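Working notes for the structure below.
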Amino acid sequence: MLALRVLFLLAGAILGVFYPFLSAILADRGFEPAEIGLTAALASLAFMFAVPVWGHLGDVVIGRVAALRAGVVGSTAALLGLLLGAPPIIVVGLIVAYSAFESSIAPLADALAVNALARSGRSYGRIRLLTSLGFAVVSILAGALYNVTGFWPAPLLVLGCAIVIVVALRWVPDVARFQPAMAPDAAQKSVVARRGGSFMLVLRTQPRLRGTLLGLGLVHVGILAGFTFLALRLLELGGQPSDVALSAGLSALAEVPAMALIPRIVRRTGTRALLAGGMILYAAVLVSWALLADPSLIVATRLLSGVAFAAITIGAVMTIAALLPPELQATGQGLYQTVGFGAAAVFANALGGVVFGLGGAMPLFLGSAVLALAGAAVVWRVVTSAAPGASGSAAPLAAR
C-alpha cells in the first residue's frame, strides 16, 4: 500500500501548490472579481462535464490507473502554459483545460482506494488524511515561497509532483474494468453501451444516490465560494499571499486528526449523522466569514472548516462506496465530484463573483450558509443511518 499512500500524499501536494492561490494569481494578472468568478465558473463547468468521462474511461474503457495517469499529465501540461506570458483569454483557456484534466485526480484516486481497502471500509479515512497533510504542508510552504518570488514557480512545482505521481501509479493496484455483461438485465446493458454509459447506469440502479448528491451539492456551493472568494476577502482586508496559504493550510491540517478520528465516530453515529453534522458546522463557519473583518480571526476559523470538510468528504465517499459495487466506484465517486466540485462550483463562482463584487462577503457567505443547512436537511432525510460504509463496497449489481 506504499504506492497508494504516496499517491494520496502527492494528490494533496499537487493541488496545494496551485489551487489555493488561483484567485490571487488571476488578480495578480489584472482580473477583476467578476472576471475571476467567471473564469472559475467556466473551469467548474469543464470539471463538471469532464468527471463523468473520466469515470467511464476508468471503469469501462482503459482502467482507473491509466485514466488517472492521463489526467495528471494533461493538467500539468495546461499549467505549464501559464509560463508563456499568455494574454488573458489564453489564460482562461488554460485554466479551463487544467480543470478538465485535474477533475480526474480525486474520483479516480478515491475509486482505487476504496477498492484496495474493500475489506476495511473505515481504513479509507486513514489514507485520505494523507491528501490533507500533503495539501496543508505544501500550500503553507508555497505561500512563503510566493511571498518572495511571486506566483510564477507554481507550474514548475506542479510538474515535480506530477512526475512522482506518474511513477507511483506503476505500483497502485486496481480491480478489473466493468463489462456491460455484468449488468443484470438487457435494459441496463443498453444504458452502458449507448445512453450515458456507466454514469447513467449508477443513477438508474441506485435511487438513494440522487438525493445524496443533491444534499452534497447544496453544501458544496458554500465550500466552493470559500475556496474562490475567501482568498480575495483576506487580501481585501490587508492579508498577504502567506495569509492565503496559512488559511488553506490550517484547514487541511485540521482535516488530518479529524479524519483519523472519524472511523470511531462512524461506528457510534453512522454516516448520516457524520454528513449532517459536518454540513451544520460548515454553515456556522460560513456565517463567521460573513461577519468577521480581522484576517487573523478568519484564518483561525479555518480549523473548524477543516474538521467540517473532513466529515463531509469522508462521509460522502463512504456512503457512495456502500451504495455501489467495486466495478463502478470511479463512476460513483466521479458523480460526487461532478456535483460537489462541478455543478455547485459553477453556481458558486458565477453567481458568487457578481454577489461579491456588488455586496461583498456578507451576502455571499450568509447565503451559502443557508444552502449548507438545506443540504444537511436533505442528507438527513435520504441517507439511512444503516449505511455507514463500514463494510466496504456494495455487492455487484447482478446480486441486487
**Asked** Taking segment 72-130 as the region of interest, what is the percent of Cα-Cα pairs per 10 angstrom bin, listed from the shortest bin to the one with the maximum distance?
**Response** 22, 34, 21, 17, 6, 0
**For segment 200-215, 3J(HN,Hα) per residue [Karplus equation, 6.51 cos²θ - 1.76 cosθ + 1.60, θ = phi - 60°, Hz, x = Gly/Pro]** = 6, 4, 5, 5, 6, 8, 9, x, 5, 5, 5, x, 4, 5, 4, x
**Prompt:** Among (1) 143; (2) 116; (3) 134, which one is volume of the Cα convex hull per residue in Å³ computed from these coordinates?
**Reply:** (2)
**Request:** Rounded to whole Å and ordered largest first, report the semi-axes of the equivalent ellipsoid of segment 30-119 derived from its Cα gyration tensor (root of 5λ).
**Result:** 29, 13, 10
**Request:** With just the Cα atoms of segment 231-347, tell me how far they stretch along each of the three principal axes, in Å, largest first.
**Result:** 49, 32, 22
**Message:** Neighbour counts of other C-beta atoms within 10 Å: give me R267, R210 arranged from fewest to most.
**Reply:** R267, R210
**Message:** If amide hydrogens are placed 1.01 Å from N in the peptide plane, which non-local residues have theirs closer than 5 Å to the one on Q240?
**Reply:** none
**Cα-based Kirkwood hydrodynamic radius, segment 261-330, one decimal, Å** = 13.3 Å
**Prompt:** Binned at 5 Å from 0, what are the whole-percent values of the Cα-Cα distance distribution for segment 299-357, short to long?
**Reply:** 4, 16, 17, 18, 21, 13, 7, 4, 1
**Item:** Under Karplus coefficients 6.51, -1.76 and 1.60, residue-wise ³J(HN,Hα) of segment 227-243 in Hz, glycine/proline x
**Value:** 4, 7, 9, 5, 4, 5, 4, 5, 5, 4, 8, x, x, 10, x, 5, 5
**Mean ellipticity per residue at 222 nm, deg cm²/dmol - from DSSP H runs of n ≥ 4 across the chain, formula -39500 (n - 2.57)** = -26000 deg cm²/dmol
**Request:** Check each of the trypsin sites (Lys or Arg not before Pro) in segment 90-141 and keep only those in coil by DSSP with at most 11 other C-beta atoms within 10 angstrom; list them in order.
**Result:** R119
**Request:** Please state, to two decimals, what the Cα-based radius of gyration of segment 234-283 comes to when divided by 2.2 N^0.38 Å (N = residues).
**Result:** 1.54
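We did not get these values from a lab; they are worked out from the coordinates using the rules stated. For clarity, every value in this text was computed on a predicted model and none was experimentally measured. Reconstructed Cβ throughout: ideal geometry from the backbone, glycine too, with neighbour counts over all protein chains shown.
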